[in-house]
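A.B. asks: Quick one: this structure, given as structure tokens, is what I'll be asking you about.
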Amino acid sequence: MGLINFIKGQFIEVIEWTDPTTDIMVWRFPDSDKEIKMGAQLTVRESQVAIFVNEGNIADVYAPGRYELVTQNMPILTKLMSWKTGFNSPFKAEVYFINTKQFTDQKWGTSNPIMMRDKDFGMIRLRGFGNYSYKVSDPVKFLREVFGTNQYFTTSEVAGQLKRMIISGLTDLIAESKIPALDLASNYDELSEMALKKMKDRFADFGFEIVTFYIENLSLPPEVEKMMDKRTSMGVVGNVDQYAKFQMADSIDDFAKKEGGSNMADMGVGMAVGNAMGNMFTQQQQSGPTPPPVPPQLQFHVVVNGQQAGPYDLNTLKQMAGNGQLTKETLVRREGMANWDQAQNVNEVKGLFGSAPPPIPPQ
């Protein structure tokens, strides 16, 4: 009886995996040199896939369900081992359970700043962070490309590779979007949706499907943020002269309260300073505000005889139109235009040709 029990103990009769964690992606069933009994029960739960590997070759893949391991249910493995129908001998095979559930709240962040060119601040550096979720969509490709034959495989072992893919793709995306740095915060949803589409093919190369992607923050360097705060403060203050007068009057009042009004000499000094400051502001107001700088003249490049020429201002273009060098079909371009266009289509230039005379009235 003891020998029979020992022999029975060498056979695996139930194969299943109950996942007690939240980050294990692959778990290899521990056979401990035991053989799987023909007719054993295989249980594959929802959000799992079981893969049988025989001598390094992927044999069979089982979706969620309950299976009795017989030759009819193991067509590829039966063919590999050349079993005949009804052959009930135990067999050796590695069994891997792939976790196909969604792995949520995966973090990404920039270890180094993203360099980008901004129209308001020039060259700036961005840092960002957020989260994403993904799942195994192609278990066979995942086995071949990523985890190999490890005992188990967790999300942390592939997190670094996925993070580098995300940062690389996001850097390209932000540069291609040409969204000003001041407007990035109002476009997080749009950028996240674009990033999700951009990452799908990259994740698919590893047998993954990226399900969600979120940008939580894109931050500018501290010195740029200080400049933005100063600009905001200037807008809140409004009239600088009135604000300075208010500050001066308030400080004189505080000074008088502090001295208790007993020291007439100090009060006289304070009044003299106040009068001097008031005269200074009066002179500034009389002189009037500094006029704004003269706006720069528009400059255009033109294509003459197949060659780019210029830039020319509008007066020069008017002379060229008069002598026939510039026609309505001539290609022109100024800073801010994405492409060349005919002169007759550019608002600033088309007026140089005048309007066509009305038709001659009938006799």
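A.B. asks: Whether any residue in region 63-74 is closer than 20 Å to residue 29 by Cα, free of Cβ contacts under 8 Å to residues at least 60 places away in the same chain and among the hydroxyl-bearing types (Ser, Thr, Tyr) is what I want to check.
C.D. replies: yes
A.B. asks: Tell me, yes or no, whether region 61-69 has at least one residue that is surrounded by 14 or more Cβ atoms within 10 Å (Cβ to Cβ), at pLDDT below 90, not aliphatic (A, V, I, L, M) and not assigned by TED's automatic domain parsing to the domain that holds residue 142.
C.D. replies: no
A.B. asks: Within region 192-222, track down each residue that is assigned to a helix (DSSP H, G or I) and either over 13 Å from residue 135 (Cβ atoms) or of a type in the set (A, V, I, L, M) (or both).
C.D. replies: 192, 193, 194, 195, 196, 197, 198, 199, 201, 202, 204, 222
A.B. asks: Also: Residue 32 fails exactly one of the following numbered conditions: (1) at negative phi; (2) not assigned by TED's automatic domain parsing to the domain that holds residue 160. What is the number of that condition?
C.D. replies: (1)
For every residue, the table says whether it meets (1) closer than 26 Å to residue 47 by Cβ; (2) among the charged types (D, E, K, R); (3) outside the structural domain of residue 52 (by TED's automatic domain parsing).
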{"site": "133", "(1), (2), (3)": "yes, no, yes"}
{"site": "145", "(1), (2), (3)": "yes, yes, yes"}
{"site": "171", "(1), (2), (3)": "no, no, yes"}
{"site": "184", "(1), (2), (3)": "no, no, yes"}
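A.B. asks: I'd like to check which strands (runs of 3 or more DSSP E) are fully inside region 255-363 and have at least 3 residues that are modelled with pLDDT of 80 or more, at negative phi and hydrophobic (A, V, I, L, M, F, W, C).
C.D. replies: 300-304
A.B. asks: Would you confirm, using the coordinates I've provided, whether residue 91 is at pLDDT 90 or above, over 28 Å from residue 213 (Cα atoms) and not assigned by TED's automatic domain parsing to the domain that holds residue 204?
C.D. replies: Against the criterion (at pLDDT 90 or above, over 28 Å from residue 213 (Cα atoms) and not assigned by TED's automatic domain parsing to the domain that holds residue 204), residue 91 does not qualify.
A.B. asks: Same structure, new question: So, residue 58, is that one surrounded by 19 or more Cβ atoms within 10 Å (Cβ to Cβ), touching a strand residue (DSSP E or B) at 6+ places or on another chain (Cβ under 9 Å), in contact (Cβ under 8 Å) with a residue 60 or more places away in the chain and not assigned by TED's automatic domain parsing to the domain that holds residue 209 or not?
C.D. replies: no
A.B. asks: Which condition breaks for residue 107 when tested against (1) among the charged types (D, E, K, R); (2) over 30 Å from residue 224 (Cβ atoms); (3) at pLDDT 90 or above?
C.D. replies: Going through the list (1) among the charged types (D, E, K, R); (2) over 30 Å from residue 224 (Cβ atoms); (3) at pLDDT 90 or above, residue 107 breaks only (2).
A.B. asks: Has region 175-196 got any residue that is surrounded by fewer than 17 Cβ atoms within 10 Å (Cβ to Cβ), in contact with a Lys or Arg (Cβ under 7 Å, 6 or more places away or on another chain) and in contact (Cβ under 8 Å) with a residue 12 or more places away in the chain?
C.D. replies: yes
The values are calculated or read from the model by the stated rules, or taken from the named source; none is laboratory data. Model, not experiment: these values are computed from the prediction. Here Cβ is always computed from backbone atoms with ideal geometry, including for glycine, and neighbour counts include all displayed protein chains.
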